[in-house]
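Enquirer: After the structure tokens below, expect a handful of questions from me.
The values are calculated or read from the model by the stated rules, or taken from the named source; none is laboratory data. Quick caveat, the model's predicted, so the values are computed rather than measured. Glycine also receives a Cβ, built like all others from the backbone with ideal geometry; neighbour counts cover every protein chain displayed. To get the accessible areas, we keep the full protein, side chains included, count just its heavy atoms, and leave off ligands, DNA and RNA. Shrake-Rupley method; radii C 1.70, N 1.55, O 1.52, S 1.80 Å.
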Amino acid sequence: MACTLLEFCRFQDITTVRDFLFPQLREEKKNPDNLSSWENEDWGSWEEGENKPPEEEEVPSKAPSSFWLQDCVLSLSPTNDLMVIAHEQKAVFLAPKWKADGKGKEEMQYEVVWSGSLNVEDNEFISSALCIPLASQKRSSTGRPDWTCIVVGFTSGYVRFYTETGVLLLAQLLNEDPILQLKCRTYEIPRHLGVTEQHEEMTILYPSALVTIDGFSLFQSLRACRNQVARAAASGNENAQPPPLAYKKWGLQDVDSIVDHASVGVMALSPFDQMKTASVLGGFNASIKSSPPTMSQYITVGSNPFTGFFFALEGSTQPLLSHVALAVASKLTSALFSAASGWLGWKSKHEEEPQQKQKPKVEPATPLAVRFGLPDSRRHGESISLSPCNTLAAVTDDYGRVILLDVGRGVAIRMWKGYRDAQIGWMQIVEDLHERESERSHYSPFGSVQGPCRVAQFLVIYAPRRGILEVWSTQQGPRVGAFNVGKHCRLLYPGYKIMGLNNVTSQGWQPQTFQICLIDPVSGNVRTVNIPFHLALSDKKCERAKDLHLVKKLRTLLKAKSPNHERLEADIKEILLDIKYPATKKQALENILASGRIPLSSLTCITQALMDSLQSQELECVDESLLVLCQHKLKLLHLYESVQKITSATTETSSSPSTKELAQLLRLEEGELIQLQTLIRNYRQEHTKSGVRFAEDEEGALPVKTFLEYLECEQDSITVKKASDDENIALGSFFFWKCLHGECSTQEMCQTLESAGFSPQLLLSLLLKVWLSKEKEMTENAQSLCCLHSMLSLLSNMKVAIDQSWDLQSVSPWWQHMRTACIQSSSNGAALLSAHVGHSVATSITSAMAEKKFPKSLQDDDVESMTDSWEALSLDTEYWKLLLKQLEDCLILQTLLQCKGVRKTARISSLQVEPLGRLSVKKLLEGGKGGVADTVAKWVFKQDISPDLLKAARDKRDSLHVQESGEVSSAVAILETAGESTSDEQVLELLSLVYQHFPCSLDLDVLHAHCCWEYVVQWNKDPEEAQFLLQSVDHLKRIGNAHVQFGLSLMMWSTFIIKRFSSSAYLIDKVGKAPKDRLCRRDVGMSDTSMTSFLGSCSDLLQIMMEADVSSEEMLAPVLEVEDSWMAVEGPESIVELALEQKHIHYPLVEHQYVLSVIMYAIMNFSLKSVKPLSLFDSKGKNAFFKDLTSIQLLPSGEMDPSLVSLRQQFLMKVISAAVQAQFQTQITVKSEEAMAEVPGNRVDWPALAVDLASHLQVSEDTLRRHYVCELYNHGFDHLAVEAILQVLDKEVLASQLLVICGQRLAHALLHTQTKEGMELLARLPPTLCTWVKAMDPQDLQNTDVPIPTTAKMVDKVVELLPENNGQYNLALNLIEAVEAMSAL
């Protein structure tokens, strides 16, 4: 096992972090056409609520966008619960969340939890950051992280502490110089008694000072600050003070410059080191204390010296807690406290005062001189990283060197060159005691190892210039791992764990922490290094390393091209026997068996040689698991060899059985067998789905490598591992493919598999998987049925196949297993054939068992008769008969689903192209009572079958009275032509046959209900397909039972219609006219033409609902029945059952909604303007709209406001005028009948509908009728107007209105044509009539091309309608004379 690079998390979208921190690197997304369209207009309001980082001005960038992470300040919590990425004044906090990737697999991904600017002053920038997890104080979670504190250092000298959500907890100014580095050390349990216990602390490095903060004081202060923030957020007015921080401040002297530092911790000198140090410093007469002093050691890197060592004696100076009392007594609301009089605030950065009035007082530093160092005047140190055990440190410099220091002695012990800009980290690996093996010279039980666990230190170096990550064993060890990771990564090494633990709490639950991590901004993943402990051991003394070398050599041999098998076998044996450790030997054997390059004979010899070697050793020294593995693999290899011999043996294939022989074998009549064969043959032609194929299926071959992967041994039995169906099919094909084709001995194969330890149930499962998956191949050859019968008989006669205690009145688990496989299979043809074979074999076994239960003295006839009676009483036989009926029904239904009808239109929706799934008996049984009808409804939708065709097929089925054999033969004829695009007559025949098999499930009302629901469901997926909703309403109209019709219409309205209908109403009312296409798509989700059709369907739906509600009182609710063979169906309630459970509606409310739907339909259909549909109703009427139709709402009653009635009348008159105008325009353009049929609303009699609405809107119906007559005459439809006059009540008023139209026609004929004869006639007219004609405006006429004789008839009609005492009667008489005179011209 070697080093590995493991990914433990990834960024959800790291580009958003980069764009926020480096706005100049943001990639602009521009429209290539620079054109606006309706898709990107008026959509901006939808994006206002999104949480986005603040926008920044874009600045031209010179740096490549891939190296941006190198310029950032990074910190990741050791518990991987928070990451901080900062640059200049901005920072982003990220937390890992479980997310699903593109393949649906759950993985950890970092997502942004907070982003913003952290600076308080304009000229300060972020220079360092730490994420410190704080331990929980709860008893239930002792030792676990409670929350994570973010510590940020600034160039202004401030250090600030934040919560995970960016809330400021504490801000303190310890020095006025920029902060260079923040580091932390947490508690670790000492590994040995002589090791000094280290306390927690946080260190802050300044250019000339070093501040150390006690970890316990920091932990308590941060907890108090966080609690104060929580209380302040709840009450808003608390001012309690947390305890001050205890810190020390050292002024580092005798150093030119400092870049980085490391705090080694408290160290105690040994007596010898104490005397040596005293002698060096004090000379011969130096005095020596009785106890060695304790010192805190600090190491710095920079220049002059290159590395400096500082020692601070413990107890030499007290922690600086000055002005604590003054800080507590202060009245400053910013809570001034701490030893440096720093500022403590609990407000977020947005609530802080923009400018501090005065800087806090900074305490002076205690001088601390450098004791010694490593001088190197030409080089400058860049970073230092302390090992986890505090004994070693790695230093990098500007010359590309990595130097390994011995911290205790202060000397360099190793140097690496050529690592410019290197980033370093440490990995401490603890030995797993369970993996330590005992020496082979004596016996010791595995796992019981004495002695403490060993610890190894590894140095990890990332060289960004070369894009390589290396792992080195320290101190003088070799390189044990190297990875190519790219040149843009960042290596993070926190060097601490959880703060707040002690020697008691740290011994409990250990959280999952990491030591180093590598962040790749290009791929967005975060990885860590996994290092096995054994890599730290010396190669010369470690047998494990030797074994790994042999395993590596073995893998190289296995990958060699065109090897010499004999030579290869010898080399593999030698390597395998040289390996010492059993676990490694087991791994090597598995690699050998998994190789596809070694022949079977060599595998057997190698495994046998290893087993012989193990058996020759003493029993105590042999690993039992390895020995068992060899035995099992050898057993499987022998089995593979035996199966190959059986399948490769050449046997004479018997001829195909005759029809009579096959009928006797399946216990069928010859006629039944012929019909069955014909059905299967034609069904096979329909079957377009190609089964899963393997390259070796044709010969039934399977590589030995795959064979060993699929099987495993358990004591004396062999089982199949949990594998996919394809793998099971491949294994079953290896055993039974040639047996099913009669190419090898069936009996010999069964005996071999049984003796090997296969259970009959497993073999039966494999056999059925092969048969059902190879439907096309297995059903082509009649010989396969005989082979399946023989194979099934042999398997059934095995010892443990059928329980000996099974009797005829109970269900056999053996046969139930086979029936279950047939029920679950979607290969209906193969399942039906296998069910016939199973029924035949089961009947034979049942008959044999029945004969044993009778005395031998009975006569043959009696025995035969009694045997028949036993067969009839066998419970399994009844289940077989039921299954055969179900499979036959499913086969016929599947044939229908594969039938393609003739489409009425060439246009096909994308929803209709999706293929239908394959059927199985299980699917139908789990589909509920409506499963069959739902399946047929999906086929009706896909093929766009006409509702008339469904009814015609039902009528044809009712008229047919033929025998069952005739039905089957007709089915055969239908199936022969169903594969191609069939005609309506052929679809009619096939539908009729399906109706015969499902007379109850496919009741016409049930089928129409499911078709209605299927169409409306598909319309809801794509509302642009308006014809789907029209088809749905058409099916709804054809439902005969009013109870089903009512419930289904109510379900459609509440589930799919009401939401879009209300959106349409509000849109039209807001616009005040028929809206344009863009607005319709935006608010309703469909185009304007589709919306027009939708509103028409809404009015039809509400009208059907009202009619069904009235009719349901006069008829009984239907009783839903199921065929006898499908009584066991279970599953969700069918659409019809749900429809029958619907509540009664409030009829006036539905009528009220219906009026609005017609009004909206008219507005959209005729593109009316200046109309707001909701303004036609009062407040009660408006409030009642879009409510639940089953609820009781307050509706308008009594007399309506006259102004509102006037508005309604004007609207209805507009509708009538628009309808007549549309009819006139259609006549002018001379559209074809087909074109007229496609125009929405041509089938609607709008004038009659407007008159019908008048009764609901309290508008005079006679006024609308008169207006309709006038519009007809105005557009020249005189013949229609004469019929419409019969419905008018006040004919005198109508005559006065028509008289005006007559005058307009006469004025157009006399004044606008201005012929000589016309002028002469005008001069001869009576003065009164002449004046009246000149006052008429013929421009109001819509049709001026009306012949004079037609106008004469109109004048006669006016005279007929006017009473003689009317003032205009004489004028009408004069008109008659004038029109007659004009006709004579």
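Enquirer: Once R0 is set to 35 Å, what does the formula 1/(1 + (r/R0)^6) return for the Cβ-Cβ distance between residue 314 and residue 2, expressed as a FRET efficiency to the nearest 0.05?
Expert: Using R0 = 35 Å, I get an efficiency of 0.20.
Enquirer: With every protein chain left in place, what is the accessible area per residue of region 1042-1122 in square angstrom, probe 1.4 Å?
Expert: 39 Å²
Enquirer: I've got another one for you. Starting from 0.36 nm per residue, how many nanometres of slack lie between residue 421 and residue 1133 once their C-alpha separation is accounted for?
Expert: Value of the extension gain: 249.3 nm.
Enquirer: Next question. Do any GluC sites (Glu not before Pro) in region 1320-1375 lie in a DSSP loop with no more than 13 other beta carbon atoms within 10 Å, and if so, which?
Expert: The qualifying sites are 1364.
Enquirer: Along the charge dipole of region 996-1055, pointing to its positive end and built from +1/-1 on Cβ of Lys, Arg, Asp and Glu, which listed residue (1017, 999, 1032) has its Cα farthest out?
Expert: Working it through, the farthest residue towards the positive pole turns out to be 999.
Enquirer: Based on a Kirkwood Rh over C-alpha pairs, give the Stokes-Einstein translational diffusion coefficient of region 569-674 at 20 °C and viscosity 1.002 mPa s in µm²/s.
Expert: Calculated translational D: 124 µm²/s.
Enquirer: Okay, next question. For region 568-623, which GluC sites (Glu not before Pro) pass both filters: DSSP loop (anything but H, G, I, E, B) and at most 14 other C-beta atoms within 10 Å?
Expert: 618
Enquirer: Tell me the label-point distance for the pair residue 137, residue 1353, using the 7 Å Cα-to-Cβ offset, in nm and rounded to one decimal.
Expert: Distance between label points: 10.4 nm.
Enquirer: Carbon and sulfur: what percent of region 732-793's accessible surface (1.4 Å probe)?
Expert: 43 percent
Enquirer: Okay, moving on. Each label point is 7 Å from the Cα along the Cα-to-Cβ direction; what then is the distance between the points at residue 1059 and residue 1262, in nm?
Expert: Reported label-point gap for residue 1059 and residue 1262 is 4.9 nm.
Enquirer: Please sort by residue number the GluC sites (Glu not before Pro) in region 1041-1135 whose DSSP state is loop and whose Cβ has at most 16 other Cβ atoms within 10 Å.
Expert: 1121, 1130, 1133
Enquirer: So how exposed is residue 955, as accessible area in Å² (1.4 Å probe, rounded to 10)?
Expert: Result for residue 955: roughly 70 Å² accessible.
Enquirer: In addition: Taking θ = phi - 60°, what integer Hz values does the Karplus form 6.51 cos²θ - 1.76 cosθ + 1.60 yield along region 1025-1041, in sequence order, with x for Gly and Pro?
Expert: 7, 5, 5, 5, 5, 4, 5, 4, 5, 4, 4, 5, 5, 7, 6, x, 7
Enquirer: What ranking do 472-483, 118-129 get when scored by the average of other Cβ atoms within 10 Å per residue, highest first?
Expert: 118-129, 472-483
Enquirer: Could you calculate the contour length gain from residue 195 to residue 564, that is, 0.36 nm times the residue separation minus the distance between their Cα atoms, to one decimal place in nm?
Expert: 126.9 nm
Enquirer: From the Cα gyration tensor of region 738-791, with a ≥ b ≥ c the square roots of its eigenvalues, which class applies: rounded if a/c is under 1.5, or else prolate if a/b is larger than b/c, or else oblate?
Expert: The shape class here is oblate.
Enquirer: Using a probe of 1.4 angstrom, how much of the accessible area of region 1000-1074 is carbon and sulfur, in percent?
Expert: 51 percent
Enquirer: Between residue 224 and residue 600, what is 0.36 nm times their sequence separation minus the Cα-Cα distance? Round to one decimal in nm.
Expert: Contour length minus Cα-Cα distance gives 128.1 nm.
Enquirer: Let me ask something else about it. Ordering 229, 301 by how much accessible area each has at a 1.4 Å probe, largest first, what is the list?
Expert: Listed by decreasing accessible area, they come as 229, 301.
Enquirer: Where in region 280-302 does the label zone of residue 256 land, with the point 7 angstrom along Cα→C-beta and an amide N cut-off under 18 Å?
Expert: Of the residues in region 280-302, 300-302 have backbone N under 18 Å from the label point off residue 256.
Enquirer: Taking the solvent-accessible surface of protein heavy atoms with a 1.4 Å probe, what is the per residue accessible area of region 251-303 in Å²?
Expert: 53 Å²
Enquirer: Additional query: Using the heavy atoms of the protein chains and a 1.4 angstrom probe, tell me the accessible area per residue for region 157-240 in square angstrom.
Expert: On a per-residue basis, region 157-240 sits at 41 Å².
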